[in-house]
Structure formats: structure tokens, C-alpha cells
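What follows is calculated from the coordinates using simple rules that are stated; it is not laboratory data. All of these numbers come straight from a predicted model, not from anything done at the bench. Note: ideal-geometry Cβ built from the backbone for every residue, glycine included; neighbour counts use all protein chains shown.
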Amino acid sequence: MPSKPKEPSAKQLDLERYIPALVNFLSNKLSSGASVCYRKNFNVGVIEWRVLAMLKVETNISANRICQVIGLDKAAVSRALKQLQTLGHISFIKNAKDGRSSLAKLTEKGEKLHDKILYVALERERLLLQGVSQKELDTLIEVLLKLNKNIKQVNEFKLGNTT
């Protein structure tokens with residue numbers, strides 16, 4: 001049985017057990033490594049890759065929708081969209097429901113780039129998961145999904161909201 005998290009009165013963080021730090025450290029290292037790899041091999045960074053991947057899952061979507069799903073700020077997504085458009089990987093259409101916004105979609109060139117990067121992304125994931133059993137992986141995914149559901153209340157926390 002896992003040990004219980006320390007009470008909020010702890011004098012310092014235990015960086016080997018503090019979940020936000022562990023997740024953040026892993027994410028930062030994965031992102032910077034992916035960015036170097038993707039820039040070197042495909043002339044796009046990790047943020048552009050995330051946008052490409054999102055547009056493969058959902059087409060004709062707004063920058064706001066991309067931000068909502070992948071959790072990046074609008075400025076970073078807007079820069080990525082602009083770069084991807086300049087490189088010919090995405091195109092925009094006017095949003096019929098809201099004339100003030102545009103919807104992004106992959107071009108044929110963007111689809112091809114996505115598929116090339118996907119191969120590399122999945123290979124990087126395979127290397128990351130070496131030594132992790134299927135049961136551990138299933139548990140990890142289950143826990144990460146639960147943590148993701150808690151993000152809204154975590155981000156709404158205000159001092160004095162303690163129970």
C-alpha cells in the first residue's frame with residue numbers, strides 16, 4: 001500500500017515523492033528531448049507536434065479548442081499554428097458559427113509530416129516504457145486519467161479552501 005502524502009505542514013518538499021514535481025520533471029525532460037529530436041529531423045518543435053497530433057484527432061477546430069485539450073496557452077498555440085501554416089502543414093477556414101474565428105485543419109503535407117513524427121513519437125514512448133509491465137502501464141494510465149479529472153479543482157484552489 002502506498003504511503004500517505006505528507007500533511008501540508010511539511011517544512012519542505014520531498015522531490016522524490018511530490019507528485020506535481022515528479023510529473024513536471026518527467027514532462028519537461030520529455031518535451032525538451034522531443035523538441036530537439038523533432039526540430040533536427042522535421043523542422044518543427046514539440047508544440048507544433050502537439051498541434052499536428054490534435055488536428056489529426058479533430059479537424060476544423062479553433063485555437064481555443066486546441067488550448068483547451070492540450071493545456072497550452074493561446075500565444076504558444078497561435079505561434080505554432082502560424083508556423084505550421086507558413087510551412088504548408090495546415091490551412092484555415094472561416095468558422096461558419098463565429099465569423100471572428102478561423103478553424104484549422106491539416107493539409108496533405110501536414111498529414112504526411114504527422115505520420116512521420118508519429119512513428120518517432122511512438123518509438124520514443126516504447127523506449128520510455130521499457131521495463132514497465134502491462135499491469136503497471138494500465139495502473140499508470142488509470143491514475144493519470146484520475147489526476148487529469150482533478151485538475152480543475154486543483155487550479156481553482158484558493159488559500160482558505162482547506163477542509
Among N95, N43, N150, determine the one that fluctuates most according to a GNM of the chain built with springs between C-alpha atoms less than 10 Å apart.
N150
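Neighbouring Cβ atoms within 10 Å as the yardstick, rank H89, H114 fewest first. It would help to have the intermediate numbers written out before the result.
Working: H89 26, H114 20.
Fewest-to-most Cβ neighbours within 10 Å comes out as H114, H89.
In what sequence do F25, F92 fall when counting other Cβ within 10 Å, fewest first? Walk me through the numbers on the way to the answer.
On the way: F25 12, F92 15.
Least crowded to most crowded, the residues run F25, F92.
Report the calculated FRET efficiency for L15 and Q134 (r = Cβ-Cβ distance, R0 = 22 Å), to the nearest 0.05. Write out the running numbers ahead of the final one.
Values: r = 29 Å, r/R0 = 1.31.
Using R0 = 22 Å, I get an efficiency of 0.15.
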Apply the Karplus parameterisation 6.51 cos²θ - 1.76 cosθ + 1.60, with θ equal to phi minus 60°, to every residue of the range 14-22 and state each ³J(HN,Hα) to the nearest whole Hz, in sequence, with x for glycine and proline.
9, 5, 8, 10, 7, 4, x, 5, 4
Highest GNM mean-square fluctuation, the chain, Cα pairs closer than 10 Å: which of L72, L145, L113?
L145
Which entry is the computed Kirkwood radius over Cα pairs in Å for this structure: (i) 18.4; (ii) 18.9; (iii) 16.2?
(i)
Taking the Cβ of each residue in Y38, Y18 as the centre, tally the other Cβ atoms inside 10 Å and list the residues starting with the fewest.
Y18, Y38
Which FRET efficiency value, to the nearest 0.05, is calculated for K29 and V143 with the Förster distance at 30 angstrom and r the Cβ-Cβ distance?
0.95
Let me know the shape class of the range 81-162, please: from the alpha-carbon gyration tensor, a ≥ b ≥ c as square roots of the eigenvalues, rounded when a/c is under 1.5, otherwise prolate if a/b is greater than b/c, or oblate.
oblate
Derived scalar couplings ³J(HN,Hα) [the range 31-46; Karplus, 6.51 cos²θ - 1.76 cosθ + 1.60; whole Hz; x for Gly, Pro]
5, 5, x, 5, 4, 4, 4, 5, 5, 5, 9, 10, 6, 9, x, 5
Which whole-number percent is the relative contact order of the chain (Cα, under 8 Å, 6+ apart)?
16 percent
